[in-house]
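Here the structure is laid out as structure tokens; the discussion comes afterwards.
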Amino acid sequence: MNKIKVLLAGTACAAAVAAFVATGPVSADDSKLEQLKAQGFARIAIANEPPFTAVGADGKVSGAAPDVAREVFKRLGVADVVASISEYGAMIPGLQAGRHDAVTAGLFMKPERCAAVAYSEPVLCDAEAFLLKKGNPKGFQSYADIAKDPSGTIGAPGGGTEEKLALEAGVPRDRVIVVPDGQSGLKMLQDGRIDAYSLPVLSINDLVKKANDPSLEVVAPVVGAPVYCDGAAFKKGDEALRDAFDVELAKLKESGEFAKIIEPYGFSAKAAMSTTREKLCAAK
């Protein structure tokens, strides 16, 4: 079984690409998929947000999104997947700059993102949650509740959906604290540096389970926050690769293998199969 490799510094990826170039690049007339087949791997951008994506102490990548991507690319004839960790706000610029071949990281579909990248059909769906101190002392049930509290603060991933939802609800910029990863958000909440930490429901539940801290409480779903679905994101111009990905993804869904991959992580295959890219990209 092929194992996904994580490149934290990018040096191994650069070496692999250099080795590929040295053996003779694919001609410019060949399709992106043919290039990836010849190259032997696809470069994917991920976060480190279980259960969407996760990076172990040994550097191995798991999570529902990379597992689906690995299987689909394998079926397309691309033998391996090389993953690099990126903040959400840097994923689309990195894709557009050619540093990644795809983003498979729980990057939820929204109209502005759909205009910037070529999404596959839906892969993972989830709602939003708050992580709070036990008893929810400020009674936060929505982003609007935090906005109404003159001193209320919320932590969220930089460039992520939760940051945008908080700002759109009226939480002032200086009270929306950008948090680099789940462990940092957990620690900031425990230390009283933020009043709430927001992530998708499954990510928050995973964080709480690992923390085993009885002083914490989860509010889910966040009142008024929409349910989102992600898809693999490709660079504009790589629609042929995206379409090929969609064909194999559809086969995976129809065969039941899709459910076997994502449901152990807590995701619903039915939810992903009940909607379409067209609907999600048109949603306000």
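Assorted remarks:
- Some residue of the stretch 17-24 being modelled with pLDDT of 90 or more and either hydrophobic (A, V, I, L, M, F, W, C) or closer than 22 Å to ALA166 by Cα (or both): no
- Scope the stretch 51-70; condition buried (at least 17 other Cβ atoms within 10 Å of the Cβ) and at positive phi; matching residues: GLY63
- Residue that is surrounded by the fewest Cβ atoms within 10 Å (Cβ to Cβ), among those in the stretch 206-239 that are touching a Leu at 6+ places or on another chain (Cβ under 7 Å) and aliphatic (A, V, I, L, M): VAL218
- Just one of (1) of a type outside the set (A, V, I, L, M); (2) modelled with pLDDT of 50 or more; (3) more than 20 Å from TYR265 (Cα to Cα) fails for GLU71. It is (3).
- Looking only at the stretch 30-49, and only at residues there that are surrounded by fewer than 24 Cβ atoms within 10 Å (Cβ to Cβ) and modelled with pLDDT under 90, the one that is farthest from LEU199 (Cα to Cα): ASP30
- Helices (runs of 4 or more DSSP H) within the stretch 63-158 that include 2 or more residues in the same structural domain as VAL208 (by TED's automatic domain parsing): 143-148
- Within the stretch 248-284, the only residue that satisfies the criterion of being in a helix (DSSP H, G or I), more than 19 Å from the chain's Cα centre (by Cα) and hydroxyl-bearing (Ser, Thr, Tyr) is SER255.
- Just one of (1) in contact with a Lys or Arg (Cβ under 9 Å, 6 or more places away or on another chain); (2) in contact (Cβ under 8 Å) with a residue 24 or more places away in the chain fails for ALA225. It is (1).
- Test for GLU121: is it surrounded by fewer than 16 Cβ atoms within 10 Å (Cβ to Cβ) and farther than 23 Å from ALA196 by Cα: no
- Test: residue in the stretch 118-128 that is of a type in the set (Asp, Glu), modelled with pLDDT under 95 and closer than 29 Å to VAL55 by Cα: yes
- Qualifying residue in the stretch 235-247 (condition: closer than 30 Å to ASN136 by Cα, within 20 Å of the chain's Cα centre (by Cα) and in contact (Cβ under 8 Å) with a residue 60 or more places away in the chain): no
- Restricting the first member to the stretch 199-216 and to residues that are more than 20 Å from GLY158 (Cα to Cα), and the second to residues that are among the aromatic types (Phe, Trp, Tyr) and surrounded by fewer than 23 Cβ atoms within 10 Å (Cβ to Cβ), no beta-carbon pair is closer than 7 Å while six or more apart or on different chains.
- Residues located in the stretch 194-222, provided they are part of a loop (DSSP other than H, G, I, E, B) and touching a helix residue (DSSP H, G or I) at 6+ places or on another chain (Cβ under 8 Å): ILE194, ASP195, ASP213, SER215, ALA220, PRO221, VAL222
- ALA282 outside the structural domain of LYS74 (by TED's automatic domain parsing) and of a type in the set (Gly, Ala, Ser): yes
- Of all residues making up the stretch 170-205, the number that are among the charged types (D, E, K, R) and crowded, with 21+ Cβ neighbours inside 10 Å: 1
- Subset of the stretch 162-173 (residues that are touching a helix residue (DSSP H, G or I) at 6+ places or on another chain (Cβ under 8 Å) and assigned to a helix (DSSP H, G or I)): LEU165, ALA166, LEU167, GLU168, ARG173
- The set of residues from the stretch 100-111 being of a type outside the set (A, V, I, L, M) and within 18 Å of VAL227 (Cβ to Cβ) comprises GLY106, PHE108, LYS110, PRO111.
- Looking across GLY152, GLY139, one residue alone is surrounded by fewer than 16 Cβ atoms within 10 Å (Cβ to Cβ) and over 17 Å from the mean Cα position of the chain (by Cα). It is GLY139.
The values are calculated or read from the model by the stated rules, or taken from the named source; none is laboratory data. Here the structure is a predicted model, which is why all the values come from computation and not from measurement. Virtual Cβ from ideal backbone geometry, glycine too; neighbours counted across all protein chains shown.
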